[in-house]
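Worksheet: one structure, shown below.
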Amino acid sequence: MRLVFVLFLMVALPAFATPKIILPVSGLVANDIAVVVNTSDPLSVKIAEYYQQQRQIPAENIIRITFDPGKPKMHPGEFAVLQKLVEAQIPSHIQAFALTWAEPYRVGCMSISSAFALGYSRKYCAKGCKPTAQSMYVRSSSLRPYDDLGIRPTMLLAAENFADAKALIDRGVAADKLALANVEQGTAYLVTTADKNRNVRKLFFPEIKQRLGRRLPVELITASSIQNRRDVMFYFTGAVTIPDIDSNQYLPGAMADHLTSTGGKLTDSYQMSALRWLEAGVTGSYGTVVEPCNLLGKFPNPAVAMKTYLEGASLLEAYWKSVAMPGQGVFIGEPLASPYRHYSLKIEADTAVLSSPVLQFGHYKIWAAETSEGPFTLLHSGIEINHFNPHIRLAKPLRAVYKIERLEVFGKPSLPLLID
């Protein structure tokens with residue numbers, strides 16, 4: 001028997017077109033992130049200023065340090081000093097970092113994004129085809145990574161000039177507007193090239209199409225690349241260099257990467273740098289800075305990255321949660337891009353049906369008010385969303401504002417390779 005939960009509201013309908021819905025927190029927001037700027041680098045300063053303005057980052061979240069710019073690699077000793085300077089300035093609520101430079105991208109044997117997030121340690125490094133220590137954040141359900149795990153996931157707002165940095169930031173902000181407009185669009189392109197060694201992630205592709213194809217179109221393609229596509233939201237592949245990336249149109253918030261050895265050497269790689277993705281219009285990418293071989297755990301798991309992103313996480317969270325061994329990989333892009341924090345409200349005869357990718361299976365409290373400032377009245381203390389009841393139904397007469405709160409205890413799920 002299918003159960004339908006209806007909220008019976010006994011308050012007269014005020015004069016408004018449709019109710020406003022305040023969704024549960026599904027990921028990081030501007031107040032959660034600290035922007036780290038190198039005051040010796042004019043480009044870093046300019047990027048930080050623009051990012052703070054566009055994302056309305058609080059002034060206390062801007063962390064200023066000084067080091068010589070223009071070097072791809074930083075010595076661990078120098079990093080240790082800078083890390084202490086950063087720690088002395090961090091407000092206690094900060095959960096993540098954005099670094100406003102493309103160089104350095106590496107600290108000793110680690111990427112600089114992982115060194116900031118995890119702390120510099122050789123346990124996250126390996127020479128050749130060996131695994132490293134895993135991140136506790138992989139596949140985590142945590143929405144507060146530092147509070148829960150002591151990890152501040154980090155992404156580089158990487159660019160070689162301000163025009164590219166500005167365009168990247170603008171795409172991230174536009175991704176949020178895409179969500180606010182309740183626009184569901186975009187296609188995932190999972191491309192298998194002829195490069196056998198760099199296409200180990202193709203084992204994920206069939207299940208992604210089967211499980212996530214209900215949420216957005218997923219195309220499995222065997223070719224060297226895709227060309228002239230106008231709806232790219234996800235693009236995962238493997239090769240030394242990916243041709244034709246400039247021919248495609250990437251939607252705001254798009255993520256793309258190519259599994260290869262040195263894509264994370266952003267400014268001096270003998271292979272294609274992950275920066276080329278951002279310059280082509282992608283909002284987030286990933287590459288390794290030290291030879292990883294083709295161990296799956298050292299690269300993003302597309303199934304996890306896509307599923308997490310589609311559930312309302314930020315780009316930073318989706319990418320970080322998809323890499324089991326991130327010590328040798330650098331994350332680049334606009335960290336707060338969140339194109340899937342939207343909802344739809346379908347008005348029917350007696351009810352309004354609320355749907356959102358943020359509303360995952362679980363139990364929710366429902367509150368209502370006449371304004372966003374409240375006061376809020378508790379309407380239901382435990383509505384369940386599940387396979388049989390995937391929506392929330394709000395009975396008429398409707399209130400002006402509804403606030404949905406998830407009842408959840410932070411936990412650590414198991415770590416299968418594919419989607420659980």
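The values are calculated or read from the model by the stated rules, or taken from the named source; none is laboratory data. These numbers were taken from a predicted model, which means no experiment stands behind them. Please note: Cβ atoms are built from the backbone with ideal geometry, for glycine as well, and neighbour counts cover all protein chains shown. When the accessible area is computed, the model is the full protein with side chains, heavy atoms only, and any ligands, DNA or RNA have been set aside. Shrake-Rupley method; radii C 1.70, N 1.55, O 1.52, S 1.80 Å.
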HN-Hα couplings for segment 371-378 via Karplus (6.51, -1.76, 1.60; θ = phi - 60°), in whole Hz with x for Gly/Pro, come out as 9, 5, 7, x, x, 9, 10, 6
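Among residues other than ILE33 whose Cβ falls under 10 Å from its Cβ, what is the net charge (Lys/Arg +1, Asp/Glu -1)? Write down the numbers at each step before the final one.
Numbers: positive: ARG55, ARG152; negative: ASP32.
Around ILE33, the charge tally is +1.
Over 26 Å between C-alpha atoms is what I'm after, so list which of LYS209/LYS321; LYS20/LYS166; LYS123/LYS307; LYS123/LYS202 land there.
Numbers: LYS209/LYS321 20 Å; LYS20/LYS166 31 Å; LYS123/LYS307 28 Å; LYS123/LYS202 28 Å.
As for pairs spanning more than 26 Å Cα to Cα, those are LYS20/LYS166; LYS123/LYS307; LYS123/LYS202.
Starting from the Cα gyration tensor of segment 260-376, take the square roots of the eigenvalues, sort them a ≥ b ≥ c, and report rounded, prolate or oblate (rounded when a/c is under 1.5, otherwise prolate if a/b is larger than b/c, else oblate).
prolate
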Find how much the distance from PHE388 to ALA349 grows on full extension, using 0.36 nm per residue of separation minus their present alpha carbon separation; answer in nm with one decimal. 11.9 nm
Tally the DSSP beta bridges in the chain and give the antiparallel ones as a percent, rounded to 5. 45
Give me the aspartates and glutamates in straight-line cross-link reach of LYS177: C-alpha distance below 16 Å, same-chain residues under 8 apart excluded. GLU334
So how do 382-390, 280-288, 137-145 stack up, highest first, on mean other-Cβ count within 10 Å? 280-288, 137-145, 382-390
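In whole Å and largest first, what semi-axes does the C-alpha gyration tensor of segment 339-389 yield when each eigenvalue is scaled by 5 and square-rooted?
For segment 339-389, the ellipsoid semi-axes come out as 19, 15, 14 Å.
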Cys residues of the chain with no disulfide-compatible partner (no other Cys Cβ under 4.7 Å) are none
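What are the trypsin sites (Lys or Arg not before Pro) within segment 204-272 that DSSP puts in a loop, where the Cβ has at most 12 other Cβ atoms within 10 Å?
Working: sites: LYS209, ARG211, ARG214, ARG215, ARG229, ARG230, LYS265; in loops: ARG214, ARG215, ARG229, ARG230, LYS265.
Here the trypsin sites (Lys or Arg not before Pro) that fit, given the DSSP loop and packing criteria, are ARG214, ARG230.
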What part of the accessible area of segment 101-154, given as a whole %, is carbon or sulfur when the probe is 1.4 angstrom? 50
Give me the percent relative contact order of segment 93-201, please, defined on Cα pairs under 8 angstrom at least 6 residues apart. 30
Using alpha carbons only, how many degrees (0 to 90, rounded to 10) separate the axis of helix 76-89 from the longest principal axis of the chain? 30
Could you name the aspartates and glutamates whose alpha carbon sits less than 14 Å from that of LYS365, not counting residues in the same chain fewer than 8 places away? GLU384, GLU405, GLU408
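Going by average Cβ density within 10 Å per residue, which order do the peptides 108-118, 245-255 take, highest to lowest?
Working: 108-118: 26.2, 245-255: 21.0.
Output ranking for 108-118, 245-255: 108-118, 245-255.
Hey, what number do you get for the chain at 222 nm if only DSSP H runs of n ≥ 4 count, each worth -39500 (n - 2.57), divided across all residues, to the nearest 500?
Values: 9 runs with 88 residues, N = 420.
Result for the chain, helices only: -6000 deg cm²/dmol.
Heavy atoms only, probe 1.4 Å: what % of the accessible area of segment 168-241 goes to carbon and sulfur, would you let me know?
Values: 1800 of 3540 Å².
Carbon-and-sulfur percentage of accessible area, whole number: 51.
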Between segment 347-396 and segment 143-161, what's the alpha-carbon centroid distance in Å? 32
Two decimals is fine: what is log10 I(q)/I(0) at q = 0.16, 0.22 Å⁻¹ for segment 168-280, from a Debye sum with one equal scatterer on every Cα and no solvent? -0.76, -1.29
Give me the 1.4 Å probe accessible area per residue for the chain, excluding ligands and nucleic acids, in Å². 41
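Can you give the convex hull volume of the alpha carbon atoms of the chain per residue, in Å³?
Working: hull volume 60.4 nm³, N = 420.
Each residue corresponds to 144 Å³ of Cα convex hull volume.
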Here segment 68-73 yields Karplus 3J(HN,Hα) values (6.51, -1.76, 1.60; θ = phi - 60°; whole Hz; Gly and Pro given as x) of 5, x, x, 10, x, 10
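Give me the percent of the accessible area of segment 298-420 that comes from carbon and sulfur atoms, probe 1.4 Å, all protein chains in place. Intermediate results must be reported in sequence, preceding the final value.
Values: 2520 of 4370 Å².
The value for segment 298-420 is 58 percent carbon and sulfur by accessible area.
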